[in-house]
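For reference, the structure discussed in these notes is given below.
The values are calculated or read from the model by the stated rules, or taken from the named source; none is laboratory data. None of the values given here were measured: they were computed from a predicted structure. Ideal geometry is used to build each Cβ from the backbone, glycine not excepted, and the neighbour counts take in all protein chains shown. These area figures cover heavy atoms from the full protein model, side chains too; ligands, DNA and RNA do not enter into them. Shrake-Rupley method; radii C 1.70, N 1.55, O 1.52, S 1.80 Å.
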Amino acid sequence: MPRSAEIHIVAGPQELAQQAAERVIAVGTAAIAARGRFLIALSGGSTPRSLYTRLASPDCADRLDWSRVQVLFGDERAVPPTHADSNFAMADQTLFTPLRLAPAQIHRMRGEDEPEAAAAQYENTLRRFTAGGGGAWPILDLVLLGMGEDGHTASLFPNGPELHERTRWVTPSYSPQGTRTRLTLTLGVINRASVVLFLVAGANKATVVRHLLEPQTDDAVRYPAALVQPVAGQLVWYLDQAAAAKLTRSQQTCHPERTK
Ligand code: 6PG
């Protein structure tokens, strides 16, 4: 794991949501102050539900100027936006609708379309935010990521050809379980973000977390999450105690949040 990884260990899922919400607000506020907008890519799955709910709560909603936020997605399942498996549907229910976010600020991946066409369309969407930015890659302010028990992240799965993608910004990918066909940002985009924030909870993730944060030999390369190594940005992990349980004491004792 790169030296610069910042690791926060908190008691449980609710503290995880609160700590991560504070970080999202801080990163977003800084981005708006510096560039007048906040480009955030949301992750899917179940873990971030409590984060999005927290961000939309009365305690948090007014602490970020959401009118300056452009919401992107790190990945999506190949389903319509109303489907129970849709990452957009989950974010819409927990964040967009409660915040009354304008549709023009929300840029979903079109899971209902043919995957290659949807990937190309989303890359064009990303290019709109980098016009004049030069360079071969978009620079997002924050990419939120989760992690599966197999070490996948976004929709980058072990041994997938998309792990070796060097030019495309968005590609189709194929999950070994659940909704098979996916769309995902590639590592080229993820690793150029200013901040990459992993949000991981639960004992079922503890083994892979240990391999990723305390790699033995080259086993970490087996896990796509290990390939998330920001080129110039900050890599941040927020873990609950259950997910951090197999880390050695040294990793665990340097994080005061742990006692909260
Ligand atoms: C998705 C996510 C995926 C998720 C992990 C963890 O579309 O499912 O992008 O990478 O973050 O599978 O999922 P849980 O939070 O449900 O454990």
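Kindly list the number of the only condition in (1) closer than 22 Å to Q234 by Cα; (2) more than 11 Å from the ligand (Cβ to nearest atom) that fails for A154.
Answer for A154: the failing condition is (2).
Can you pull out the residues in the stretch 83-100 that are open to solvent by 20 Å² or more (accessible area, probe 1.4 Å) and either of a type outside the set (S, T, Y) or near the ligand (Cβ under 10 Å from one of its atoms) (or both)?
Listed by number, the residues that qualify are H83, A84, D85, F88, A89, D92, Q93, P98, L99, R100.
Taking the conditions exactly as written (within 15 Å of the ligand (Cβ to nearest atom), farther than 25 Å from L187 by Cα and in contact (Cβ under 8 Å) with a residue 24 or more places away in the chain), does S50 satisfy them or not?
When the stated conditions are applied, S50 passes them.
Checking the conditions here, which among Q216, Q177 is within 16 Å of the ligand (Cβ to nearest atom), assigned to a loop (DSSP other than H, G, I, E, B) and of a type in the set (S, T, N, Q)?
Q177
Report yes if A136 is outside any loop (DSSP other than H, G, I, E, B), more than 16 Å from the ligand (Cβ to nearest atom) and either open to solvent by 60 Å² or more (accessible area, probe 1.4 Å) or out of contact with any Ser or Thr (no Cβ under 9 Å at 6 or more places or on another chain) (or both), otherwise no.
For A136, the condition - outside any loop (DSSP other than H, G, I, E, B), more than 16 Å from the ligand (Cβ to nearest atom) and either open to solvent by 60 Å² or more (accessible area, probe 1.4 Å) or out of contact with any Ser or Thr (no Cβ under 9 Å at 6 or more places or on another chain) (or both) - is not met.
Any idea how many residues of the stretch 70-98 are more than 20 Å from S46 (Cβ to Cβ) and in contact with a Phe, Trp or Tyr (Cβ under 6 Å, 6 or more places away or on another chain)?
Residues flagged as more than 20 Å from S46 (Cβ to Cβ) and in contact with a Phe, Trp or Tyr (Cβ under 6 Å, 6 or more places away or on another chain) within the stretch 70-98 amount to 0.
Anything in the stretch 71-82 that is outside any loop (DSSP other than H, G, I, E, B) and open to solvent by 40 Å² or more (accessible area, probe 1.4 Å)? List them, or say none.
Within the stretch 71-82, R77 is the sole residue that qualifies.
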